[in-house]
Every structure is written in C-alpha cells, then in structure tokens.
Amino acid sequence: MQYSEETLRTLADCFKQTLAPDPEPRKLAELFLKQSSEQPGYGIAILRLLSELSVDDQVRQSAAVNFKNHIKYRWPVSDPEGSTLASIQDSEKEQIKALIVGLMLNTPPKIQSQLSEALAIISNHDFPAKWPLLLPELVANLRSSTDLHVINGILSTANSIFKKFRYQYKSNELFTDLKYCLDAFAAPLLEVFQKTGQLIASTQDNTVMLKTLFERQRLCCRIFYSLNFQELPEFFENHMAEWMGEFHKYLTYNNPSLSEAEADKESVVDQLKAAICENINLYMEKNEEEFQGYLSQFAQDVWGLLMTVSLSPSHDRLATTAIKFLTTVSKSVHHVLFADGATLQQICERIVIPNVKLRDEDEELFEMNHVEYIRRDMEGSDLDTRRRMACELVKGLSTHYREQVTGMFSAYIQEMLREYAVNPAQNWKGKDCAVYLVVSLAPRQAGGGSVGSDLVNIEQFFTTQIVPELQSADVNSLPLLKADALKFMTTFRSQVPKAVALQLLIRFLVAESNVVHSYAASCIEKMLAMKDGKQPRYSGAELDPYLEQLLTNLFAALKLPESQENAYVMKCIMRVVSMADLRQFTSLCLAELAKILGEVCKNPTNPSFNHYLFEAVAALVRKACGRDSEQVATFETLLFPVVQIVLEQDVTEFAPYVFQILAQLIESRRPPLPSVYIGMFPPLLTPTLWQRSANVPALVRLLQAYLQNAPQEFNQASQLNSVLGVFEKLVASRSTDHQGFYILNTVIESLSYHTFAQYVPQIWGILFTRLQRERTVKFIKSLIIFMSLFAVKHGHALLTDSINAVQPNLVFMILEQIWVPNLTYITGDTETKLCAVAATKLLTESPALLAEGAGPLWGRLLNSVMTLLVRPEEERVEQETDIPDLDEVVGYTTTYAQLYNAGKKEEDPVEEVKDAKEYLAVSLAKVSTQYPGKFGALIQQSLDPANQAGLMQIFRAKSSGLMGLHSDWFNSSHLLWVSNFVLHLNKVELAHQNRVDSSEIDFLTPPNSATVVDYPASTH
Amino acid sequence: MEGNFGAPPQHRNHLKSPVGNQAGHRRRQQAVQIGKERREAVVRAKRLRRGDAVPNGDQSEAPDSHMDEEATARAAEASSRALEENTLKAVKALREYVGPGIILGKDMALKKIEALRNVRSLLSCNAMPPLNVAVEAGVVPLLVQCLAFGSPEEQILEAAWCLTNIASGEQDLTKAVLPALPYLISHLGDKSAATVAEQCAWAIGNVAGEGEEMRDILLAQGAMRPLARLMSSPYPSLARTASWAMSNLIKGPSPRAASDLMKIEGMADTLVGLMMKGDEELMVELAWVMVYLTSMADAHSGILLSVGLLPILINKLGTSDQTALLTPFLRCIGNIVAGDNSKTDAVLNAGGDISGGIIGALTRCLDMGHRTMQKEAAWAVSNIAAGSMLHKRMVFQGGAIPSLLHLLATAAFDVRKEAAYALGNVCVAPKAKAKEVDPIVEHLTVLVDRGCIPGFTALVKSPDMEAARLGLQFLELVMRGLPGGQGPKVVEKEDGIAAMETLQFHENDELRLMANTLIDKYFGEDYGLEEEYGSEVVDMIRGSDESSEYPPWRRGVVNG
C-alpha cells in the first residue's frame, strides 16, 4: 500500500464510515478495510493516519482499535485460533516496532490505550529477544520526559509487558528475560516512584494532577509486583528500605479531596493502597525473613487502615487486600503479633464481624440479581468478597489460636441468635451472619456435604435454628433467612435426617424469591445424588410419596418470573426423572418437557438449562421406552414437532441433542423402522449438517443407529453409497477420522458382506490413500481395529483377499509395516480383546501366514499379540505423539455435549471368546498339531524372553484351570507337559481333532533353557 | 533460586506431571540468578580491601548523640564532599609522576609511591570510598602504568590494591578495570612476591565476581592456570584469596571454566588434598570451588568422589557449627546427590561411619534454626529422597521426617517449599515408565497421620506457582494413594477443596487445569456417576477430555 496522502484520506473516510449509523455505507467501508488489511504496509499506513493531528479524534480512535486487532491477528506467525490470515511481513514489523512507542506516547489517552495494548501484544511475541530497542527506549523516555501522560503511558505499557512474570513457571528463558528487565528497569522504577512521591508531597491542591500521580504510583506498584513475583531480586532486596518507606507513607496517606463521590467508585488513593497491600502480602508470603524488619510497622498500618475503611463497595478491594495481608501474617511465624487475647478479640469484633455482616448491597443483589448472588454465595466465586476474606482470616487465626478463636465465635453466634430471638424482625441480619459463619467456617466439602463444625453442635443447630425457619407458615417471609437455611441444609446434607428432608424442602420450590426456590431445587438435587457407600441414599421407591407434589412444584417453579429457564430447577427435574419410578407421571413430564422444548427452541439462551432439559428428556426416553416399547410412539408424537423445528429452522444449538434423542428412539424401537424415520434419513446426509463439528459425533451416533436397526434399508437402496461418502469425508481429516471409522465399523458389523462387497475395493482405496498421505497414531490404531473387526466378522480370507486385490501381496506389507509394529499400542479392553482374537485367527488359520517363508512374520505377529495380552496398557503405550492439527479447528464452534442419559454401552464384537489369552493358547495348540515341529524354533527366535515366559504361564494357567492336572505335572519333563496339555486340550476342547503323537511336538523350549524366565515351582 | 544453584534435579520430576525429562533444562534454568547470592559475608562475590587507618575520619561511627538528624546529614554531606575533593587532588598529584615521557629520579620515585599510597588510602576508607570520582578523574590508566613490569614491588601492590577496590564497585566500575587485567594476571606468576600475587588475585576475583562476560575475558587472557597454582601456595592468606577468586571464576552459568579447571592435571587430588589440611578458612573458600565444580557436571562429582572428597564433607557436616563452612558443604552434598543414583549410594555409604549416617548429619542441619542451612539441607534430603526405593526408605527411617514436618509447618517460605519437595519425594515410588507415579503407601500414610496436609494446602494457596503445583501434586497423590479411598475425605477435612478452589481461575493454564481436574475428579459433578451409570457410560461421558489418548473406537455404538 502506498503511503500517499490520498490513501490516508481514503482510509480516514472509511473509518469515518464505519461509525456511520446507516448500515449500507458502514458495511462497504468495513469490507474495504478488510481488503486493504490484506496488503503489505497497511499497518504502517494506519500508524501514519494515527499521527495525523488533522484527522478527527473519533476517526483516529476507531483506526487505533482497528490497528490493535490487525496486530492481534496478523502479528503471530501462526494464528492460535487457526485463522488463515496472512502474517505481517518482517520488514513491516520492524517499521512498526520502530514507530509505535513514540506514537503511543504522544497520542491522546484513548488512542494511547489502544496502542499500548497493541504494543503489549507485539511484546508478547517479540520481547525481549526480537525487540532489543523497546526497553531502552521506554527507559530513556521515562527518564527524560516531564509530561504526566507520557510517563503514565510508559508505565502502563511496562506493566502489561511485565505481567507475564506473574503466571509463567520458572525457566531459564523466563529468568533470562526477567533479569534483562530487572537490569534495565528496576533502578528507573525506583527513581520514578521516589520522584513522584516528592511531586505528590509538593502538590497540595491540584486534584487532577494528584490523581494522575497516584495512578502512576499504582502502576509502579503493579510493576513492583510483577518484577518481585518469581523471587526477590537483588536490586529490590538492596533497596527494600526505600520501597518500604514509600509504601508506609502511602498506607497512612489521607486526602479527602481525592475521594470519590460515587459510592462504588474506588478512589485513586485506595487503589494505590490496595496495590501496596498486594505487594507487602507477596513479601510476607515469600520473603518473610528479609521483610520481617518492616512487618510490625505494616501490621500497624494495615490495622489502622481496616479500622477506618468503610463498608462501602468502593472500599471492597482495599478491605479485602488488607484482610488478606493480616491473614498471611496470622498464619506465619510472626503470628504472635496477634497472640494477645485483646488483639484477637479486636480483630474478630472490629474486622471480621463487620465484614461478614450482610450489607445493603448484598440484600439488593439478592433481590435484583439472583444469578450473581448464587454464584457468590454458593458456587465459590466469592474469592475476593469481604465475607469470604473475613472467613479466611478466621481460619488463618485458627491455625495457631484455634481454641480462643473458636470460643469467641461460638459466643458471637450465640449472642447474635439470642438477639434475633428477642426481635426477629429487627435483628434477622444477626441470624444471617450466624448461619453464614457456621456454614463458611466448616471445611469446604463436596460429595456428602460437610460433616461438622467446631462452632456449634450441628444437629442441635439444625433442630433449633434451621427446621423452624423451614417450617414457617409463610415460605416467602424473610427470604434471605430461608435461603440461608437451605444453604445450611445443602452444606450439611449428609447429617440431615432422611425423613424430614424432602418434606421440608418441597414447598420452597414455589417460593417467590428466585434464590430461595433455586436453593431448594439445588438442595433436593444434591440430596438425591447423595450416596451412602455405593447405595444412593434415596431409592426410587422412597420418592413415591412425594412424587406428585415434587413434580408439580418443580414445573410450577419454572413458571415463576425470571425462572423460566432456571438451570437449578431443570437439573433437579432431570435428577428426579432419572431416579424416580414415574409411572403415571411419565406422560405429564413428557408433555411439560415437550412444551418447554417447544418454547426454548425458538430462542435458545441458557445453555446449562437446555442441557439439563435434554438430559431430562433422554432420561425419560431411557426409562420409559426401555421398559415399554409401546411408549415410543407417544414419545415420537410429542417430540417430533420439536425435531422438525430444530431441523427445519436450523437451530444449531439443539441439533446435536436432537440427533442423540432420535438415535435413542430408533434404538428403542423394534424393527421394522417406521417410514417416518426412513424419510428423515436422506436429509441427515446433507453436507451442511456435517460441516458443523458439534454435529458430527451425534450424527455418527444416529447413523449407526440406522445401520444397526434398519440394515435392510441399506441392503437394497443406494443409501449405503451416501453413507460411505460420509465415511470418506470424515476419514480424510485427522480430527474426524475416528468418527469415520465408527461408521465403517458399524457397516461391517451390521450388514451382510454381499451388501457392501462392491464397495470394499473403494474402502481400501480410501484408507490406504489416507495411510500414505498422513500416518497418525490414531489413524493406524483405528485401521488395525477395523481390519481386526473385518477379520472376525467376515473371515480372514475375505480380509486378505480383498486387500491383495488392491495390489498383490499388499496384505503382507500392511502386516509388516503397520499391523505388527503398532498392534501393541491398542488400548481399551474390548479393543485389545478384538485385536488379539483377530490376530490369533490370522496366526492359526490363515494359510498365507502359515505358509513356508512367512515364518518370521508369523513370529513377530505372535510377539506383538503376546505383548498386547501380557503387558499392562500403561507400559505398552507411550504418550500420544500426534501433533494436534491446528488447521482444522477453525474459529468458534459450539462444542458437542454428550447426553449421558442417552448413552449406551458398547458391545463386544467377539462375545463368543471369553478370554483372549485362553483363545490364543487353544488355537496355537490346535494348529501346532497340524504343523508338527514348525513353531518351537520360531517362538524361541521371535518372542522376547518376557513374552515367552508369558506364553508359558498362559499355558500353565489354562491347563490347570481347564483340566485340573496333577501338580507334579510341572515337575515332569517339559515336553511331556506340553504333549499332555495338547492331548488334553484336544480331548476336552477340540474333540474332533486328530490324535497326536506326543513325540512329534516340540512346542516350547524346555524349562532349563536360559531363554525361559521365571518358572515357579508352585504347586497346589 | 540460589539455594539450588546448578543442581540438575531430574529427581524433582518425580512429583511433576508427566512433561518429559527436563533434567538438563532445569540445570541451566537455575543458572540465571535473580535473587541475591546468599553466600556468607566472608565469601562475598566482590570484596573491598579496607584501609588500615583512614585519615579522613570515620563517618560510620555513631554520630554525636547531641546532633539532630539534620545536622548529622549535613555533617555527612560535608565530609563526603571533602573526601571527593581530596580524591581529585590525589589523582591529580599522582598524574604528576605518571605519564609518557616522565622520567623520575630516585626522590621522585619515592614521592610517586607516596602519591599512590595516598590514592589507595582514600579508595579504601571505611564507608563508601569515592571510587567513582577517582575513575572519572582518570585514575585507571595511571594505575595500569604503575603495574608495568619492573616496577617496584610496593608500587605494584598499591596499584593493585586500588584496582581491587575499584573492581569491587558496581558494574561500570568493574569494567573500568579491564585495561589492567593483562598486568594483573601476569603478576600472579612465580616471580611476584606473595603479597603482590595475592593483591592481584584479589582484584581478579572481584572482576570475575561481576559476571559471565568478565569471566570470559579473564579466561581468554589466561587467568585460570596461574590462579590454580596459587591455590596451593604455602602462604595461607594467598591460598585463600586465590581459592576465592577461583570460585568466582568458575561459577558459570557456562560450565566451561569449571571443566578447564578439572582438566589441569592432578587438580582433583590437589583440591581434596588442600581440603584435608584442615585450615578451616581455606576450606571454606575451597568448598565454594567444589560447589561450582559439582554443580557444573556429574562427571566432576565422580572424579572428586573418587579421590576422597566425601569423608571430609560428611565429617564436617556431622560435627561443625560454622555456618560459613556448612553452607557450601551442604550445597556440595546436595549437588552430588542430585546426580545419578550411584552417587547417592556413595554418599549414603560414606555416611555410614558417622553416627546417624548422612541423613542424621543433614537432620542436624535441618534442626539448626538457620534458614540457609535448613534450605540447603532440605534440598539435599529432597534429592536423596528422589532416588531409589532404598534411598527413600533411608530418608524415611533415618530420622529426617519429624524435622521436615516441623519445617513444613513453621519455617520461612523457601524452606517450607524445599521441605515439601523432600516429603513429597519420600512418598512417591521411583518413576517407572508408566505415566503416573505411584505412591509409597506406607510413607504416605504415616505423613498424613502426622498431619502434613495443612502444610501442603498452604502451599497450594501460596502465590508461588511451583509451590502451588507441588501442593496440588501432593494432594493428588493423597487422594489417589491413601488406602481405602480415604484420601479425598482427608483432603476434604483439611480444607483442601477450598485451597484448590483458589486456583480455579489462575492465569497459569496448567495450575488451573490441574486444580479443576482434581476437583472434578474427586469431588465434582461426576462424583458417584460410576455407580449410577456403570463405568463404560462414565468413560463415554468423560471421554472427551484431552487426556484420553484416543477415543474408544466404538463410542456411541448402540446395542439396543
């Protein structure tokens, strides 16, 4: 792109147009910019534009955003998101790097922040190795500039490029970078921090300037944090006194003129104080010895801070970071600072309790934004709230002063409850606080819920405080306390007597408060999921008495305002449906769920609600249709309209679910499949459906259901051709090839050979082409499994002949190069068994392998089979070596969500074989009688010693198991043992075999041979 | 990480998630140093040679108690200004006698030395000598000329002394000394008096202490061999200084210098022989040489062991109370046991002679209440505990466990981390080829019974990522390995879930993933699914996670 004035003007116009309200010119401009960005020099042109002061600020701002995105997507050599955008050329990159710092520092704040972000992105890739000039340039400007914004701009940039030191592991590379940054930046940072300190001291009244200066100090502190994060650098240790002196100054700084008017806006001073608390906390955690000289001063500072900090949300961050510091101290060796009883009491009464008490903001949240309230209150995303931090402080103090702390809090709790009892309406917040403390100070537990608390007697607390709350006549009175009670019950659910639990809970499902009915649903759901040992605590039958009320209330809850898509309620429905014996309620549930489905598929918004909804449907199908296949028709009637909407209106979010449900329905049917399904089949092969990766697993599953349940359809029609088309497409890509094999495997398992015989050459063609083109471990394993399945289902002869038809003797090549070397990597019980059985068949039945000259191959195949059978999976299989294929993951796709209620067990394709080892032994014995003298030497030559020993053990185990032979069997000559073994086998298992002369058999080496290891003399 | 300097702890990987062998990687990783080098005061990387009696008065003396702060500051400023002025004058005076074309008579030669001595005494006054001022005034070229061959001994000594102190300053000052190096090195030779050689070695030691770049220059100019020879000097002070300078010269990160030293014939014997002489001060300096040798290559350790290093190390470890000596000795042992198992065997065998064995000696250091000792000792124990099953058993039964547990509960952060590594390693079986490490149930059970879990959950909550990872790995081990499925319950009781939750949103991908996976696996939604749906269905549901190496080929297959 030329940098002509004209180009710049055009670009400026375009950016102006992108802000236009009218969509037409806007789209045109966007398109033009998109095309321009393909050309080399675009980035430089934008930078030029940004430096044109004559250009309107808004236009430059939008250009700056565009530039940042341009950098984001085109700076990396290979885009992490797999886009195919061309990278910026190296020469242009160098130009950009040369320009950007100067430009960034001299533009207005809004443009500056975009450029600073762009700079941070570039530095992620290039700094420091490929951008040696950056840091010197920043430092030089930092030292020379007197412009407030320039200095803040530099620091903000430095802050973003140093952040990586906070979340990467130590490594030589990281430390080299860190050292480089420290050498260049540590000293200037301290200089600027001190200099700014002096400026602040001499600037009394200019609040605008002061704010900028405080922001600068905050940035310095954040950089301090990054540079000190990995470990204490020498420079900072040498200058600790200077830093700490400044920190102390700011922690005790007050200036009312800098406070903010708005209640939830943090003042610059508080922001700085919070950043300082983070820093001293870091030192306290990691460098406590070097820091200890400053500790008592800071403890005092922070203490003082917490005494004055208000409960306003604007002080939240400061309060939590300050409490965090005290918590760290309380757990450290310096905990004695708090040892004094009066100090402990002060901490508890003046810091903990006020911060745990419910604030107006919490109440407001409870009413106005139940989702967020629940997230914080129940789901652990309260890590940085005052309540949570205050509880952490209690836990910290308890590390060394458990008794005192527990004693104090027990007393506080009793006192708060007493006050509540005196005047519930006025003092209910005290009870809230009490329950909160009991729940939060119990160790956080999962599964069965918490088991106890030091603070109160749980059982007694439950009876005296919780049950009355839940028995109150009005489910809507004091909803916060109801929510607390429900949370208590959820937390200590394993202690709650089974008899009362459901009874208490069910009526709260229809409480008006969203938090309350969500908690009730969640509590019921968790109670039902609970186990005593391996037994579910509640059996299906135990639900019977409550079932009607439970279901009525659950569905009623979904009609309450703002709870139409309440995921807690839906999850509870899912749980009830999959556990209870629904009987007459089945149709009610189905009708309700179908109605909801019909509603939500118009506009799917809440993914987890929708997921549980489909799970619930799948559970219904599983339970009802499994028992009574007549029901299927009812289900179809109710569900098909939804299926239709989803398919016709292309509701992408739901398609994978619908395919799974359809598959489930097909599986529940008795053949023949009704025509409606058959009619639905051709559209399922529409390529657009298969292009969405989230659809593929579900569609494959559905296709398999068709193949298994309506094989006759494929026997006649040309459908099979299309199915194989899908297979071909899937198998061509390394991310979906296994899915292709799922289909292929089902074809050869479910259809008769003559149905697909004509396609076999084509199938091999596809597979071998792919094999030549791209050999991944996953593909090879899938291929071996497929060939094994082919061999056991249709015979080794068809397998070898059809492969050889592609090219003479190809099967040997495949065996040599693919099958034998990779057989040992097969994993999974069913897969291992299948492959072992198939290989056994080849070894013992295939004339080609038994032929003269195939001996070495035979030996190696046996060796692989033995490894497969004898060695544990984790020893055989190395870690996945395939490199993930980035090209194929394009952009954002919805992920496939498996419905586990719609899942089915896999079946064993070689059910007739009980034990693959035994099968191998028996088959080998059998074939050895046909080829006397052939295998002994082969085995000795080809098998690893461990595998020889393994083979021996299999024989021994089988023989004793099968025939219960006498113990001295083992002590007699080995030859005799083998002959006996074979003889017996022949008699018992293979009665039709010829009689064998034992002298002909030299099957295995005698036990005194060195190659056979570990031949224990165990006897029974 | 100064405590682990140069260690190749592939051993540490036992507790790591399977990310491949990082042995060599970690060795170099620790070569880059961020923190202060925590050597004892006597063994500082750079040392100033102080003057005897300083004419300018002593500012570091406590100020007159009647003076107020401001007056003190004023006085200090005035005196430092005076000092600067004097220095400028002194350099100027020296210039009178040094320079091209100046030929001096005998009297003048004496005055020259006088002038030089004056500069030296200003540059070695106690507090903050005005090194900068002197260098800016151009003193270095003058000093270089004073080093010229054939100069009087006293003149060379005084000049080298000045250069020593200049080199002890910040980087710029050290670099200013560069032009003098060839002379300094040549004065290390046989013909120099011991005092001269020592002063030159001292200056060189300071230069080497600056960093790798300076070390490379010194090596290229041939400082290694003369310095090595001086280590065996009969003059104790000279031997000490040379050994100290040598330790600076070979300390890496590049292992080349250390290898060069070992290539000098008979060096291993010489070093060990010197150590045996028993002069404790010399021993301290030599021990640091040993630290760098053993950290640079396993092969060096092997040679040093073969000539009898171990008995000396272990004997002192079992008896000495000198932290200056114990620090490098502990680090040596730590380096040696970080090598292959045969070295650890040798250490354990050699320790058989003293009561309590080597583990006892290390435990003694763990109990000394001295942070550096504790950290070094715990590090050594952690590397022994990362060895064979026998090694683990010896650590476990050798009495170190109570001390380690105590440290884990109470010590400073970096010590706690080392103790945690040691305890963790005691509990995992030597890594076979399998992907996961197996717990040693007996050890694990005892440690858990003795209440080690809070120590590990504290690490999980710490801001240090390695510590957090270590804590997580240990919790994982407990949950997986404690018999009777007790693990998750114990972790739960000790508030382990809350600790893991603190990592659920961590910016580090691995930590976040590990924490979430563990919570899901042991306490999550899937908890109990197995009973409900059967293991195959559960596998199917979970099958989508990245860790599953290959999707089960029949997933989704139906059997009606």
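None of the figures in this text is laboratory data; all of them are computed from the coordinates on show. Predicted model, so just to flag it, every value in this text is computed and none were measured. Cβ coordinates were reconstructed from backbone atoms using ideal geometry, including for glycine residues, and neighbour counts include every protein chain displayed.
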For the stretch A:108-190, what is the convex hull (Cα atoms) projected area averaged across all directions, in square nanometres? 5.5 nm²
Restricting to Cα pairs under 8 Å and 6 or more apart, the percent relative contact order of chain A works out to 6 percent
How many Å³ per residue does the convex hull of the Cα positions in the protein assembly as shown occupy? 250 Å³
Length-normalised contact order for the stretch B:101-187 - Cα pairs under 8 Å, 6+ apart - percent: 30 percent
Pairing the Cα long axis of helix A:675-684 with the longest principal axis of chain A, what angle in degrees results, from 0 to 90 and rounded to the nearest 10? 60 degrees
Which value results when the Cα radius of gyration for the stretch A:494-653 is divided by 2.2 N^0.38 Å? 1.05
Among A:270, A:384, what is the fewest-to-most ranking by other Cβ atoms within 10 Å? A:384, A:270
Fully extended, how many nm does the chain gain between residue A:205 and residue A:544 (0.36 nm per residue separation, minus their Cα-Cα distance)? 114.6 nm
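Can you tell me the order of A:659-671, B:464-476 when each peptide is scored by its average per-residue count of other Cβ atoms within 10 angstrom, highest first?
Highest to lowest by the protection proxy: B:464-476, A:659-671.
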To the nearest whole percent, what portion of all C-alpha pairs in the stretch A:653-788 is separated by more than 23 angstrom? 32 percent
Taking the Cα atoms of the stretch B:316-373 alone, what are Rg (to one decimal) and Dmax (as a whole number) in Å? 11.1, 31
Would you mind computing, in nm to one decimal, how far apart the modelled labels at residue B:410 and residue A:384 are, each placed 7 Å from Cα along Cα→Cβ? 3.6 nm
Cβ-Cβ FRET estimate between residue A:460 and residue A:423, R0 fixed at 25 Å, reported to 0.05: 0.65
Using all Cα-Cα distances in the stretch A:322-438, what percent lands in each 5 angstrom bin from 0 up to the longest? 2, 11, 20, 22, 18, 15, 8, 4, 1
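Taking 30 Å as R0, compute the FRET efficiency from the Cβ-Cβ separation of residue A:372 and residue B:493 and round it to 0.05. Can you show the working numbers first?
Details: r = 31 Å, r/R0 = 1.02.
Between residue A:372 and residue B:493 the formula returns 0.45.
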Once you put a point 7 Å from the Cα of residue B:149 and another 7 Å from the Cα of residue B:92, both along the Cβ direction, what distance in nm separates them? 3.6 nm
Degrees between helix A:386-422 axis and first principal axis of chain A (Cα, 0 to 90, nearest 10): 70 degrees
When the helices in the protein assembly as shown are scored as -39500 (n - 2.57) per DSSP H run of 4 or longer and the sum is shared across all residues, what 222 nm value do you end up with, to the nearest 500 deg cm²/dmol? -20500 deg cm²/dmol
Positive end of the charge dipole of the protein assembly as shown (Lys, Arg +1 and Asp, Glu -1 on Cβ, about the Cα centre): tell me which of B:231, A:497, A:858 has its Cα farthest that way. A:858
So what's the angle, to the nearest 10 degrees on a 0 to 90 scale, between helix A:424-441 and the longest Cα principal axis of chain A? 50 degrees
Find out how many positive minus negative residues lie around residue B:417, taking Lys and Arg as positive, Asp and Glu as negative, among other residues whose Cβ is under 9 Å from that of residue B:417. -2
Return the distance in nm (one decimal) between the two label points of a simple spin-label model at residue A:552 and residue A:691, each offset 7 Å from Cα along Cα→Cβ. 5.1 nm
For a label point 7 Å from the Cα of residue A:599 along Cα→C-beta, name the residues of the stretch A:554-593 whose backbone N is under 11 Å from it. A:555-566, A:592-593
Sites residue A:339 and residue B:323, calculated FRET efficiency, Cβ-Cβ separation with R0 30 Å, nearest 0.05: 0.50
Neighbour net charge for residue A:605 - beta-carbon separation under 12 angstrom, K R +1, D E -1: -2
